[in-house]
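Please read the structure below before turning to the comments.
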Amino acid sequence: MRRMVTGGFPALLRKEVLRFWKVSFQTVAAPVLSAILFLVIFSHALARHVEAFPGVGYAQFLVPGLAMMSMLQNAFANASSSLIQSKITGNVVFILLAPLTPVDLFAAYLLAAIARAIVVGAGVILAVAWIVPLPFPNLLWLAAFAFAGAGILAALGIVAGIWAEKFDQLAAFQNFLVMPLTFLAGVFYSVDTLPPFWQAASHLNPFFYAIDGFRYAFFGQSDVPPWTSLAIASATLCALSWMTLRLLRSGYKLRH
């Protein structure tokens, strides 16, 4: 731990945070605007047709789901885009030659992606607070699901960045896996209102548990008990972290 604090890990973490913060208009403001547009359009179009939790308006129901969806997608984008850009430009060699262990690399990319996700999620909630009043959340549940959900997509983003060799491969990973799983994770509806088959399919989606638990932090209501959601999200994060560390230790598609 002492070596991580005083070695190359803080420098890499700072680099990755500054990487998205320097262009925050694109990496933070744009996702916040997209979430607001989703809120305005879907709350107007579906408010009378979609049943939310008892005592919770549909616009209120949407906000935590949209915030978490934005967090998930941006955590993935931050980690994956950093790695693929380093590989394509060839400067990944400088990171590999530095005195950094696989744990250092993993932690720096993971924490930077989580940082971007949290900034985006906070931006979404603050931006819509004057439109849609929300109850004050349970901060412990909020932090737990924010970290677990963003961590899952950050780790998945590292895996995608390692695997992809071209931007179109990374785009395919995001468009055909990440985006469908986030959109079909209960962002716009309660899965309890779905037919049995689609309820079962939703419960196989690990993103659903992050969104459902994050919503529980605001309303104290969820489709799945929060401890169950947190356990599944944490187990998914641990499994992806283990796989990512294995890839980093092996040098898969990083060392040629």
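So if I check each of 229, 190, 241, 234, which one is polar (S, T, N, Q) and over 29 Å from residue 104 (Cα atoms)?
After applying the criteria, what remains is 190.
Just to confirm my filter: which helices (runs of 4 or more DSSP H) fall fully inside the range 179-256 and include at least 3 residues that are in contact (Cβ under 8 Å) with a residue 40 or more places away in the chain and either surrounded by fewer than 21 Cβ atoms within 10 Å (Cβ to Cβ) or under 18 Å from the mean Cα position of the chain (by Cα) (or both)?
Of the helices (runs of 4 or more DSSP H) lying wholly inside the range 179-256, those with at least 3 residues that are in contact (Cβ under 8 Å) with a residue 40 or more places away in the chain and either surrounded by fewer than 21 Cβ atoms within 10 Å (Cβ to Cβ) or under 18 Å from the mean Cα position of the chain (by Cα) (or both) span 179-183, 206-219, 226-250.
Any idea how many residues of the range 63-76 are surrounded by fewer than 24 Cβ atoms within 10 Å (Cβ to Cβ) and over 24 Å from residue 219 (Cα atoms)?
Here the count works out to 0.
Within the range 191-221, can you find the residues that are under 17 Å from residue 57 (Cα atoms) and at pLDDT below 90?
Passing the criteria: 191, 192, 193.
Looking at the range 102-112, can you tell me whether even one residue there is of a type outside the set (A, V, I, L, M) and more than 15 Å from residue 16 (Cα to Cα)?
Yes.
Across the range 156-178, what is the total count of residues that are loosely packed, with under 15 Cβ neighbours inside 10 Å and either touching a residue at least 24 places away in the same chain (Cβ under 8 Å) or not in a helix (DSSP H, G or I) (or both)?
Keep residues of the range 156-178 that are loosely packed, with under 15 Cβ neighbours inside 10 Å, which gives 165-169, 171-172, 175-177.
Keeping just the survivors that are either touching a residue at least 24 places away in the same chain (Cβ under 8 Å) or not in a helix (DSSP H, G or I) (or both) gives 165-167.
Here the count works out to 3.
Is it the case, given these coordinates, that residue 84 is touching a Gly at 6+ places or on another chain (Cβ under 9 Å), among the hydrophobic types (A, V, I, L, M, F, W, C), part of a helix (DSSP H, G or I) and buried (at least 20 other Cβ atoms within 10 Å of the Cβ)?
yes
Could you grab me the full set of residues in the range 96-117 that are crowded, with 16+ Cβ neighbours inside 10 Å and farther than 17 Å from residue 156 by Cβ?
Matches in the range 96-117: 100, 101, 104.
Can you confirm whether the range 132-140 contains a residue that is buried (at least 19 other Cβ atoms within 10 Å of the Cβ), touching a Pro at 6+ places or on another chain (Cβ under 9 Å) and over 20 Å from residue 238 (Cβ atoms)?
Scanning the range 132-140, I find no residue that is buried (at least 19 other Cβ atoms within 10 Å of the Cβ), touching a Pro at 6+ places or on another chain (Cβ under 9 Å) and over 20 Å from residue 238 (Cβ atoms), so the answer is no.
From the list 150, 144, exactly one residue is out of contact with any Pro (no Cβ under 8 Å at 6 or more places or on another chain), small (Gly, Ala, Ser), surrounded by fewer than 23 Cβ atoms within 10 Å (Cβ to Cβ) and under 19 Å from residue 230 (Cα atoms). Which is it?
The match here is 144.
Taking residue 237 as the residue in question, decide whether it is out of contact with any helix residue (DSSP H, G or I) (no Cβ under 9 Å at 6 or more places or on another chain) and under 21 Å from residue 70 (Cα atoms). Outline the logic, then answer.
Values: out of contact with any helix residue (DSSP H, G or I) (no Cβ under 9 Å at 6 or more places or on another chain): no; under 21 Å from residue 70 (Cα atoms): yes.
Considered against the rule, which asks whether it is out of contact with any helix residue (DSSP H, G or I) (no Cβ under 9 Å at 6 or more places or on another chain) and under 21 Å from residue 70 (Cα atoms), residue 237 comes out as no.
Can you name the condition, by its number, that residue 135 falls short on among (1) touching a Leu at 6+ places or on another chain (Cβ under 7 Å); (2) part of a loop (DSSP other than H, G, I, E, B)?
The failed condition is (1).
The values are calculated or read from the model by the stated rules, or taken from the named source; none is laboratory data. In this text the structure is predicted, and so the values were computed from the model without any measurement. In this analysis, Cβ positions are derived from the backbone assuming ideal geometry, glycine residues included, and neighbour counts consider all displayed protein chains.
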